[in-house]
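Structure first, then comments.
Nothing in this text is a laboratory measurement; each read-out follows from the coordinates by a stated rule. None of the values given here were measured: they were computed from a predicted structure. Quick reminder, even Gly has a Cβ in these numbers, built from the backbone with ideal geometry, and neighbours come from all protein chains shown.
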Amino acid sequence: MAIVRTHPLVETLNIPGPAGVLESIIDLPVDSSASSVPTGPRAAILCHPHPLHGGMMTNKVVHILAKAFNDFGITAVRFNYRGVGGSAGRYDEGAGETDDALAVMDWAVRRWPGVRLWLGGFSFGGGVAIRAASARRIEGLVTVAPAIREAGVPAGDALRMPWLLIQGDQDELVDARDVQEWAAGLPFPPQIALLPGVGHFFHGRLAELRSVVLDWLKAGLDSSPPEAAG
């Protein structure tokens with residue numbers, strides 16, 4: 001009799017990075033096989049908040065992003081930047097952290113030949129994801145309260161892929177108006193979901209955040225052909 005899983009499968013591992021190993025977690029959807037092959041195949045690489053302010057891959061918003069992608073049958077890969085948790089190296093002001101994200105993306109392509117990559121990130125990790133998206137071919141991008149200034153996101157990057165930007169209008173750390181004005185000035189602006197009454201950490205609103213991401217994925221964007229970034 002076949003065993004049917006009712007909960008996602010979680011795999012912990014170390015992924016080679018430019019500064020040494022990167023401590024990582026793979027969250028597989030319920031309907032994926034035990035062979036760890038993403039459904040589709042698709043995989044979302046997720047970037048966590050600022051490492052100098054307690055950011056780790058276990059951050060609750062990053063975890064919710066992983067669950068939302070899993071809900072849609074997409075494998076999620078979370079990782080700790082250099083110098084965080086069991087990852088080697090030390091903080092590198094966004095540049096090294098972007099290199100870490102790119103290394104995880106390249107690892108995913110090697111592990112799952114033909115995989116179509118997504119990127120996601122929260123706060124500082126949203127900025128890192130935007131930077132990484134300009135350097136690799138990806139299918140889509142989800143950023144939550146992206147710290148575009150803190151992560152040093154270049155102005156005017158022409159990212160040409162489906163992109164959801166979720167922002168709380170009561171964010172006490174990332175100015176919602178600044179993010180909206182920055183996004184509106186891009187050659188290909190993202191779709192913005194502005195959530196009323198939501199602060200930076202989405203206290204009491206994590207289920208809503210998960211639903212917003214899943215609804216966007218269900219809108220048919222998964223069937224769009226991936227486009228080159230930049």
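Quick look at the values:
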| item | result |
| --- | --- |
| Projected area, mean over directions - the range 9-218, Cα convex hull, nm² | 10.1 |
| Neighbourhood charge, 14 Å Cβ-Cβ cut-off, centred on Leu206 and excluding it, Lys, Arg +1 and Asp, Glu -1 | +2 |
| Charge tally in the Cβ shell below 13 Å around Tyr91, where Lys, Arg are +1 and Asp, Glu are -1, Tyr91 excluded | -4 |
